[in-house]
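No lab work stands behind these numbers, since they all come straight from the coordinates. These figures come from a predicted structure and were not determined experimentally. Neighbour counts are summed over all protein chains in view; Cβ atoms, including those assigned to glycine, are modelled from backbone coordinates with ideal geometry.
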Amino acid sequence: MSAGPMRDAAAATPSGAPEPSSSTSGASTGGSRAATGTPTSRAVARGGPLTTLNPLAKLAAPLPAMIVVVFSRDLLLPAALIVLALVVLLVGARLSPGIVAALVVGTPVAALVLGVSFGIWVDPASAAVAGVDGPAASTVLFGIGDWQFTLAAYLVGVATALRVLAVLMLSLIAGLTSTGTEFVRAAVQNLRVPYRIGYTALAALRFVPRFGHELEIIRAAHRVRGTVAGRGPIAALRRGLGTAVPLLASAIRHAERVALAMDARAFGAHRTRTERYLMPWRARDTVFVVAFVAASAVIVWLVWATLAR
């Protein structure tokens, strides 16, 4: 191999390759690096006890609640699970003020707005089937011609919006406190996902921000050369075609550098590999899963008991 590709390969590692470690023969080196606990320290620096948990625990704990809320048809159960997810996030993670405001204020606003969007698609005659009947079915909020938007259709739309938001909020427990890199490492180490698949997917994920950076460079170069002219959809289409070719060429060059970097470090040469960072499943992960599932079960039982009266 010439010196040029080697320099390219070395330069590609920080931005593209999945930080390959030594192969099986280098277990001692990998173990010493794992003992430093670097990822855990970075997780604590982000703040909150949730960031110290295994990403798979934060994904598995709300999964039963997600399945139950998908098949619910009332307003109370998804609303209660939204509150549970919000409390867990606010207590367990140090979120920025902007994210806290978006969760606390944006969630009810989104439920009300999405309720109108989903309610428009509801047949007023089928609202009674969904459990919303009585005066609500005959209360018309507004109408256009012969079409009428009833309170029953709006309540069905709000229930649908709450189910969607409940699934989203439950998934944010893992999404806001873990990175994609941590998920891949946990899946490889705990679920025995083949590392060739896991770290290849991780390398592909790291292409996304690099492509965004390359796109900004190409657009800046076009502006410097004065090739950007005109406004409107035709000009936007012309600009898109003008950036597609250099972006594709840059992607091919970057993929080649990443492949060389991974080959140079014997990626895929052995059936197993040591890990630079460890993502073990600890007792606190089990406690979190059991506690969250138990809290979800209590909420579901209380809601169903209240609705059955």
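Some values worked out for this structure:
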item: Whole-angstrom gap from the stretch 265-291 to the stretch 148-185, using each part's C-alpha centre; result: 29
item: Per-pair calculated FRET efficiency, R0 = 51 Å: residue 141 and residue 293 via Cβ, rounded to 0.05; result: 0.85
item: Amide hydrogen neighbours beyond the local backbone of residue 150, cut-off 5 Å, H modeled; result: 141
item: In sequence order, calculated HN-Hα J values of the stretch 280-286 (Karplus, 6.51, -1.76, 1.60; Hz; x Gly/Pro); result: x, 8, 9, 5, 5, 5, 5
item: FRET efficiency, 1/(1 + (r/R0)^6) with R0 22 Å, evaluated for residue 269 and residue 248 via beta carbons; result: 0.15
item: Anisotropy class of the stretch 156-273 from Cα gyration tensor, a/c 1.5 cut; result: oblate
item: Length released on extending from residue 76 to residue 225, taking residue separation times 0.36 nm less the Cα-Cα span; result: 47.7 nm
item: Cβ-derived FRET efficiency at R0 22 Å, residue 236 paired with residue 213, nearest 0.05; result: 0.60
item: ³J(HN,Hα) computed for each position of the stretch 267-278 - Karplus, 6.51 cos²θ - 1.76 cosθ + 1.60, integer Hz, glycine/proline x; result: 5, x, 6, 10, 5, 10, 8, 7, 10, 6, 10, 9
item: Normalised per residue, the volume of the convex hull around the Cα set of the stretch 205-309 (Å³); result: 258
item: Gyration tensor over alpha-carbon atoms, the stretch 150-208, equivalent ellipsoid semi-axes in Å; result: 37, 12, 10
